[in-house]
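Beneath this line is the structure, given in structure tokens, with notes to follow.
The values are calculated or read from the model by the stated rules, or taken from the named source; none is laboratory data. This one's a predicted model, so the numbers in the text were calculated from it and none came from an experiment. Positions of Cβ are backbone-derived with ideal geometry, glycine not excepted, and every protein chain shown enters the neighbour counts. Heavy atoms of the whole protein, side chains included, go into the accessibility calculation; ligands, DNA and RNA do not. Shrake-Rupley method; radii C 1.70, N 1.55, O 1.52, S 1.80 Å.
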Amino acid sequence: MSSPALPRRALPIGRLRTPSYSVQARPVANQWPLFHQALPSLRVNRSFTTSRQLKSDSAAPDTEPQEPGIDLPRMEKFVEQLQPELRSDQFRPRDLETKYLETILPKDKVAKMVETTASTAQLRRELDNIHRVYHLSKHIARDPLSVPLSLPRPWVSNFKVQIEDGRVSMNGIEIPNIWLRDNCQCSSCMHADTKQRLLDTFDISADVSITSHENTPDGIRLTWSDGHTSEYTNRFIGRSTAPAKKRVGNRIGLADSLTLWDSSIASFPPIIGYSHLASKKSESATAALKGLLSNIRRFGFSYIDGVPADPRTTKSLLERIAFIRTTHYGGFYDFTADLASKDTAYTNIALGAHTDNTYFSDPAGLQAFHLLSHTDGSGGASLLVDGFKIAQDLKAQDRDAYEILSLVMVHAHASGNQGISIQPYRGFPVLQHDLETGYLLQLRWNTSDRARIELPIDQVGKWYDAARKWDALVKKKENEYWEQLRPGRVLIFDNWRVMHGRSAFTGKRRICGGYINRDDWISKFKILRDGQESVLEHLATD
Ligand SMILES: [Zn+2]
């Protein structure tokens, strides 16, 4: 894979923080976010330094007289100056090491030290860490990591499209001709119903140009050097220039607003009456379904009350949202506590708050439970914890811990069934963010199914420290919402946000339920809320 051209020098941090509409500055900001913009400081690195500091503090001062001490402020300044090189793919940590040593020691001494790896091994590791964290920053969000509490107000642009010297621009931002031609919305370039591209992008000449243009009541009409004519509205062009955060409502299907909650939600849990969903009037039934999905998007869960306590009705209720996902455990399930399935969820022991499917690359989006009967015993209350609320609390309490849980990849597995060991195709962090906006998208928290933590083994304690803080918040009484499920009440929750668990129980419990894919339920939510036409209209720009 070829890498994009590198900036020749580091851009001042301030220049990237303020929105820049300079055509030249934007791609630089997009591709090479400065570390200090992506992460507020070198804190992650500094925390990785602790083990070294402890080690050298406890060592006798004359054990390694050649080992230079690490002056962290000086190193940070040094690293700051080296930004362009650090962001180069050709960069080797050894070069940084050598340069750093040269700032504190005579050159001949440095040459000798670089040869004797053993005496500088610790320093090398520190520098590797800096290098690693800097490189990670390329792959994380341009904006600070955050929990998206509300949908940004729609992008309203009062700007008019400008055409000058054969270049289309709006508000000083140039729109490349190749993008405009490739995104012609006419029915011979784009299928009117499916919005699939009908033209072959690479049949368009790389230097396609505008031969003539005219204004239309709400935009422009362009004639291209290939003879084709295209029309664009001001709104369409405007959206293509909008800041990233103004474009995600449609793509991510964000709720209009998120309600983060704690145990107090017990007094006002979101509920939809089944009678509305089952209404003979299709508009009423659709409105109820929209209400149900809006509840789940906003709160992370919803109850449906008054559902006949049978698996068939429950299954068809779920299928109103989307098809039920089949996994190695099966599809829609209807079971009574039974050890045969070899997963802790199928026993009667207590389960702490967790998310399901961390062992899949794409964990289920929704999960549903319907307690059909509970006889000859008691217990088995359901626990829900709002993971996004915990994330918000952790971020306020300890930003370093939040960043570690957002950056360090964790692996997971499902190996309980004979002949199966499922693992995601790569590690994923506990807190997974949208790369463009920094918005928190997904929580993965399941300590039973956790496998490797993707850190050098001597650094792995940092993840445990951060995860312990997370765990303490999850287990705080104020954050736990307990509810006894009962026949007739279906619980559906967002497995990418809300953790679930249950208390131990005795007797026989019969439960049915299933999973629904995230993409499928968000699709349904978006279409019901915004309408098919609006969703499709935003595809090229959002
Ligand atoms: Zn066209």
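Work through the residues other than Thr541 whose Cβ is under 12 Å from its Cβ and net out their charges, Lys, Arg +1 and Asp, Glu -1.
Working: positive: Arg235, Arg239, Lys246, Arg247, Arg251; negative: Glu537, Asp542.
My count for the surroundings of Thr541 gives +3.
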P(r) of region 307-518 over all Cα-Cα pairs, binned every 5 Å from zero, in whole percent: 1, 7, 14, 18, 20, 17, 12, 7, 3, 1, 0
Dmax and Rg, reported as Rg then Dmax, of region 162-242 (C-alpha, Å): 12.1, 35
Label-point separation, Ser275 to Arg167 (7 Å along Cα→Cβ), nm: 6.5 nm
Probe 1.4 Å - accessible area at Trp482, Å² to nearest ten: 100 Å²
Vicinal HN-Hα couplings computed from phi for region 362-376 (Karplus, 6.51 cos²θ - 1.76 cosθ + 1.60; Hz; Gly/Pro x): 10, x, 4, x, 10, 10, 10, 10, 9, 6, 8, 6, 9, 10, 6
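Quick check: from the Cα gyration tensor, does region 234-278 come out rounded (a/c under 1.5), prolate or oblate?
On the way: a/c = 5.67, a/b = 2.06, b/c = 2.76.
Since a/c reaches 1.5 but b/c is at least a/b, the shape of region 234-278 is classed as oblate.
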Alpha-carbon centroids, region 257-317 and region 194-215: separation in whole Å: 45 Å
Surface share of carbon and sulfur [accessible, 1.4 angstrom probe, percent] for region 307-518: 52 percent
Spacing of the two label points (7 Å from each Cα toward its C-beta) at Glu483 and Gln418, in nm: 4.0 nm
Rg followed by Dmax, in Å, when region 285-429 is reduced to its Cα trace: 17.7, 48
Heavy atoms of Glu478: accessible area, 1.4 Å probe, square angstrom to 10: 100 Å²
Contour minus Cα-Cα distance for Lys508 and Leu539 (0.36 nm per residue): 6.2 nm
Residue among Ala368, Ala287, Ile271 farthest towards the positive dipole end of region 231-368, charges placed on Cβ: Ala287
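What is the gain in length, in nm to one decimal, between Thr313 and Thr326 on full extension, counting 0.36 nm per residue of separation less the C-alpha to C-alpha distance? Present the calculation step by step, with values, prior to reporting the outcome.
Working: separation 13, 0.36 × 13 = 4.68 nm, distance 1.84 nm.
Once the chain is fully extended between Thr313 and Thr326, it gains 2.8 nm.
So for Asp200, Asp193, what's the accessible-area order with a 1.4 Å probe, most first? List each step's numbers first, then the result.
Working: Asp200 80, Asp193 115 Å².
Largest accessible area first, the residues go Asp193, Asp200.
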Protein-only accessible surface order, largest first, of Trp470, Trp445 at 1.4 Å: Trp445, Trp470
Solvent-accessible ranking of Ser257, Ser240, largest area first, probe 1.4 Å: Ser257, Ser240
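Using 1/(1 + (r/R0)^6) with R0 = 45 angstrom and r between the beta carbons of Phe202 and Ser257, what's the FRET efficiency to the nearest 0.05?
On the way: r = 42 Å, r/R0 = 0.94.
Here the calculated transfer efficiency is 0.60.
What length, rounded to one decimal in nm, is gained on full extension from Lys476 through to Ser209, with 0.36 nm per residue of separation minus their alpha-carbon distance? Could the numbers behind the result be given before it?
Values: separation 267, 0.36 × 267 = 96.12 nm, distance 6.19 nm.
Stretched fully, the Lys476-Ser209 segment lengthens by 89.9 nm.
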Rounded to the nearest 10 Å², the accessible area of Phe236 at probe 1.4 Å: 10 Å²
FRET efficiency for Asp519 and Glu283, using Cβ-Cβ distance with R0 set to 22 Å, rounded to 0.05: 0.25
